[in-house]
Amino acid sequence: MNTAYYRELQRKELRKNIIFTICILLFATLSTYYIYNKFVSKRDEILKSNSLEVIFHEQNGNHFSINKLSPISDNVGLSTKAYRFTIKNNTNKRVKYKVRLKQDKEKIKQDNCVNTQIPNSIIKFAIHAKNKENNIYNLEDLENNTVVVKELGAKEAEQYTIRFWTSINNALALEDSHSYHYHGIIEVIEQE
């Protein structure tokens, strides 16, 4: 009689453990799913036009910042934080577009930092398209803030990486350099 009683207790304990394990696995699965979806939706910002879809792969979307004035060489600048984005042509025809870099006037107004913006003359950047060399420019040298003018074939995509830094030659001339920073926007415009 004692063995039957202990077997029944073992069965109850086994059922309780199985139910507890299933609840923990279900909770872990749902939590992981929720966290993953929250992370993915925060990371990629998608902008669409009639023909183009632009996916910014960073949490800030198409906004970029240089948070401190630290002059570095071009070689070191090429290893700074990268802002990545992909441009996709969703049509069956060729589409021309341009990429522009401009000041984020809304953020500058919001932060009330007009007088502490790093001058364009000392900001350098490199833009890199897949399977192509890095092209290094000064922000000041851009015509109409335009970095790239290109055409995408039907259903094609192009991925870009942009890195920003301040020039080692000019940045040292600024007084009170610790308060200087820069707010900018990466803008992709479909052209007619």
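Looking across the stretch 164-192 at every residue that is of a type outside the set (S, T, N, Q), open to solvent by 70 Å² or more (accessible area, probe 1.4 Å) and touching a Pro at 6+ places or on another chain (Cβ under 9 Å), the one that is modelled with the lowest pLDDT is identified as L172. Take I162 and tell me if it is free of Cβ contacts under 8 Å to residues at least 40 places away in the same chain, within 22 Å of S70 (Cβ to Cβ) and within 16 Å of the chain's Cα centre (by Cα). So I162 fails the test.
A residue that is open to solvent by less than 20 Å² (accessible area, probe 1.4 Å) and either assigned to a loop (DSSP other than H, G, I, E, B) or in contact with a Phe, Trp or Tyr (Cβ under 9 Å, 6 or more places away or on another chain) (or both) can be found somewhere in the stretch 87-95.
The set of residues from the stretch 96-122 being closer than 30 Å to G153 by Cβ and open to solvent by less than 70 Å² (accessible area, probe 1.4 Å) comprises Y97, K98, V99, R100, L101, K102.
Can you find even one residue in the stretch 95-113 that is within 23 Å of the chain's Cα centre (by Cα), aromatic (F, W, Y) and over 21 Å from I46 (Cα atoms)? For the stretch 95-113, residues within 23 Å of the chain's Cα centre (by Cα), aromatic (F, W, Y) and over 21 Å from I46 (Cα atoms): absent. Scanning the stretch 37-52 for residues that are in contact with a Ser or Thr (Cβ under 9 Å, 6 or more places away or on another chain), within 29 Å of E140 (Cα to Cα) and surrounded by 11 or more Cβ atoms within 10 Å (Cβ to Cβ) turns up at least one hit.
Pairs meeting the criteria (first residue in the stretch 90-110 and under 23 Å from N50 (Cα atoms), second residue charged (D, E, K, R) and open to solvent by less than 70 Å² (accessible area, probe 1.4 Å), beta carbons under 6 Å, at least 6 apart or on different chains) are N90/E53; Y97/E190; R100/E187.
Being part of a helix (DSSP H, G or I) and open to solvent by less than 20 Å² (accessible area, probe 1.4 Å) is the filter here, so list the residues in the stretch 123-163 that pass it. Across the stretch 123-163, the qualifying residue is only L139. Quick check, is N75 open to solvent by 100 Å² or more (accessible area, probe 1.4 Å), part of a loop (DSSP other than H, G, I, E, B) and closer than 27 Å to V148 by Cβ? No: the conditions fail for N75.
Residues being modelled with pLDDT of 85 or more and over 24 Å from Y160 (Cα atoms) are represented in the stretch 1-8 by at least one member.
The values are calculated or read from the model by the stated rules, or taken from the named source; none is laboratory data. Owing to the predicted nature of the structure, the values given are computational and were not obtained by experimental measurement. Neighbour counts run over all protein chains shown; Cβ positions are idealised from the backbone, glycine included. Protein only, heavy atoms only, side chains kept; ligands, DNA and RNA dropped before computing areas. Shrake-Rupley method; radii C 1.70, N 1.55, O 1.52, S 1.80 Å.
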